[in-house]
Structures are given as structure tokens and as C-alpha cells.
1. Which ³J(HN,Hα) values, rounded to whole Hz and listed in residue order, are derived for segment 37-53 from phi using the Karplus coefficients 6.51, -1.76 and 1.60 in 6.51 cos²θ - 1.76 cosθ + 1.60 with θ = phi - 60°, glycine and proline given as x?
2. Starting from the alpha-carbon convex hull of segment 117-229, give the projected area averaged over all orientations, in nm².
3. For segment 148-163, take each phi angle, set θ = phi - 60°, evaluate the Karplus expression 6.51 cos²θ - 1.76 cosθ + 1.60, and give the result in whole Hz per residue in order, putting x for glycine and proline.
4. List the residues of segment 101-130 whose backbone N lies under 17 Å from a point placed 7 Å from the Cα of Ala181 along the Cα-to-Cβ direction.
5. Skipping prolines and chain starts, which residues have an amide H placed within reach, meaning under 5 Å, of the one on Phe312, given they are 5 or more residues away or on another chain?
6. Using the Karplus equation 6.51 cos²θ - 1.76 cosθ + 1.60 (θ = phi - 60°), what ³J(HN,Hα) coupling, rounded to whole Hz, does each residue of segment 120-127 give in order, writing x for Gly and Pro?
7. Using the Cα centre of segment 30-105 as the reference point, and only Cβ charges (+1 on K/R, -1 on D/E), how large is the resulting charge dipole? Debye, rounded to the nearest 20.
8. Tell me the angle of helix 69-95 to the major Cα principal axis of the chain, expressed in degrees between 0 and 90 and rounded to the nearest ten.
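Every read-out reported here was derived from the displayed coordinates using simple, explicitly stated rules and does not represent laboratory data. Predicted model, so just to flag it, every value in this text is computed and none were measured. So basically every Cβ, Gly included, is an ideal-geometry build from the backbone, and we count neighbours across all protein chains shown.
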Amino acid sequence: MLSCIAVIALGVALRQIDRVHFARHRPRSASSAQLVALYRERANNITPVLLLVGQWVQIVGWWMLAPHGVLGAMITALAVAVHVRHLQEISHFAVHGVLVRSKRLNLLLAEVFAHHPMAFMPAEVRQRRHVRDHHPNATLDTDPNLAELRQAGLRPGVTGSRFAAALAFPLTPRGMRATSASITDNLKCASASWTRILAPATVVGGAYLTGGHTAVLCGVLLPRLVLYPQLAWLSLVNEHTWFDPDPRTGPSAWVEAGRCLRLYPTRRTLAYVAALTWLPYGDLHHYAHSAHPAIRWNYLPALERHLAAPHFTPRALLFGPDSVARRHRTALTPLEPPTTTAPSIATPR
């Protein structure tokens with residue numbers, strides 16, 4: 001058990017090197033131009049690699065914990081799912097070109113540490129889909145993310161039970177089939193090579209050598225196929241007011257303020273937990289990221305304080321009158337047409 005803790009602590013320490021490096025002299029509030037200049041001054045190719053290595057060192061530590069009883073296996077499954085979510089979000093910033101100084105190294109690191117071992121789509125495909133297709137068209141019919149939400153059942157007129165099932169789509173049989181099909185497609189895509197099959201196989205082999213069958217089941221399969229997809233899905237649901245945006249024209253921040261939301265603006269504890277788990281590395285500040293995608297996650301809180309608030313700042317995700325789920329449900333529920341009473345015709349005398 002002590003060895004598990006030591007390995008996990010080492011991973012945490014490696015991750016903090018990048019955080020501390022970019023946190024030095026960071027302003028509390030600043031414009032996008034100031035923050036871009038600060039990032040360019042701090043950008044390097046070393047601390048981000050240590051950040052990614054630290055994520056995998058922690059994963060190995062959790063694999064070591066997996067065989068230590070049912071509780072150890074459950075903690076491993078949840079922890080590794082969170083780390084996969086973190087790897088996805090770090091690679092998201094690599095796709096935007098703001099993980100490391102070298103432009104080519106951004107996509108290479110995304111592939112080596114996230115896309116290959118986790119059987120994500122090729123980084124170049126994700127870059128095209130996310131940067132070119134999603135960002136300029138968020139909440140519009142041409143947005144591929146909106147298409148995903150519709151395919152999961154989030155459509156106008158959806159019933160209450162189907163709406164609830166859509167929020168937990170990756171946990172449903174149809175959602176699990178979709179996840180498996182996506183992984184298969186990623187391994188067989190046109191740009192696939194033997195490395196795309198070897199990398200996930202190496203992850204499975206490493207888990208088995210570290211923690212046996214339990215580590216494979218609870219440290220690889222369950223997190224990747226079930227738990228991580230649900231965390232990523234809730235993040236997607238939480239990004240925009242998908243079904244009732246406020247169409248705007250003008251500066252990017254003004255446009256994005258009309259179609260983005262900011263969860264937990266006043267609930268600091270929930271915001272902190274979300275940032276550590278399912279909304280990591282700036283995903284809690286998706287509005288600021290949408291307004292200025294070229295800013296690294298370290299500086300999004302400072303940018304957010306500089307911007308006006310988006311048009312929707314919910315205090316809850318799933319429950320409550322001002323929750324994200326309630327707003328989506330209301331937007332997808334068609335208004336009842338007003339009933340009209342036919343005028344009475346007086347009977348002539």
C-alpha cells in the first residue's frame with residue numbers, strides 16, 4: 001500500500017511542475033492580449049511533458065492499488081476514469097497548439113500520451129473537427145457536437161424519461177455500443193498504423209503486470225468504456241446552451257457569451273471538485289476558452305474575470321430550477337399553442 005501512495009505522490013509532484021511554472025506572476029484579471037504575451041514568455045517543451053508523464057505515473061499507482069480489495073478496485077476505476085478525462089482535456093489544448101512551444105510537438109504529444117493509448121481519434125482529425133468545425137459553429141446545425149447530442153436523443157419534443165436517458169447516454173446499452181464502435185473506428189481509420197493497436201495493447205499489458213486481472217478490468221476497461229465516456233459526456237452537455245442560444249454578432253467574447261454557460265459561479269466547493277475531476281484543465285472556464293481559444297488553461301480564470309459574464313450562469317448541473325439540465329429540458333419542450341375560444345353567436349330573437 002505504501003508503494004501505491006509513493007507512486008501516486010510522485011505523479012502529483014511531476015504534474016505540479018508545469019502548474020507552478022505557468023503560475024508565476026500570473027495576474028488575477030487580464031485581457032487576452034496580456035495573457036497571450038505571458039504564455040509566449042513562459043511556453044516551453046519540458047514542463048508539459050512532465051505533466052503528461054505525471055498523469056501516467058499516477059495511473060500506474062492506481063493500478064497497483066486495484067488488487068487491494070473491492071474498495072481499492074472501485075477507487076481505481078474512478079481515479080483512472082478521471083485521469084483519462086484529464087488526458088483528453090490536456091490533448092484538447094495540444095490540438096489548439098498551446099500545450100508546448102513547438103507546433104509539431106503539440107500533436108505528437110497528444111498522440112503519444114492520449115490518443116494512441118486511449119484509442120481516441122487521430123489528433124489531426126480531432127483538430128479539424130474541433131478547431132475548424134466546432135468552434136466557429138458552436139450550437140449551429142453544422143456543429144458536429146450538436147449532432148452528437150441529437151443522436152443521443154436530445155431533440156425537440158423529447159419525453160422526460162428519454163431526456164434522462166440521454167443525459168446518461170454513455171451508460172446505456174446504446175451508448176456503450178456507440179463507444180465500442182467509436183474505438184473500433186479509431187483503430188481502423190484510414191491513417192491508422194500498427195502503433196494504434198500496439199499502444200492500447202501495451203496499456204492493457206502494463207495494467208496486468210502491475211495489478212493483475214483486477215487492474216485490467218477496473219484500471220483500463222471499466223474507466224475507458226464506461227466511466228470516462230460519461231464524464232466527457234457531461235462536460236459536453238455543460239459547454240453551451242445548445243438548444244436555445246442567444247444569437248449575436250460582434251466581438252468573439254460577445255458572441256460566445258450568448259451561447260456559452262458558466263457552471264457553479266458562486267458555489268466554490270462544487271467548482272473546485274468539478275475542476276479536479278470532470279471539468280479539468282480549464283473546462284470549467286469553457287466560456288473564456290470559447291472566446292479566446294489560443295489561451296492556455298492556466299490563464300483562463302484571469303481572462304474570465306476580465307470578461308462580462310455569459311448569459312447563463314447555473315448553480316447546478318442536473319437538479320434545480322436554474323440547472324443546466326432544466327434549461328436544456330425546457331428548450332427542448334415545445335410550447336403549447338394558446339387555446340382560443342370561438343366567439344359565441346347570439347341567437348336572434
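1. For segment 37-53, the Karplus-derived couplings read 4, 5, 4, 4, 5, 9, 4, 7, 10, 9, 4, x, 5, 5, 4, 5, 4 Hz, x marking Gly and Pro.
2. Numbers: hull surface 33.2 nm².
If you wrap the Cα atoms of segment 117-229 in a convex hull and average its projections, you get 8.3 nm².
3. The phi angles translate into 4, 5, 5, 5, 7, x, 7, 10, x, x, 4, 6, x, 5, 5, 5 Hz.
4. 121
5. The answer is Arg262.
6. 7, 5, x, 4, 5, 5, 5, 4
7. 300
8. 80
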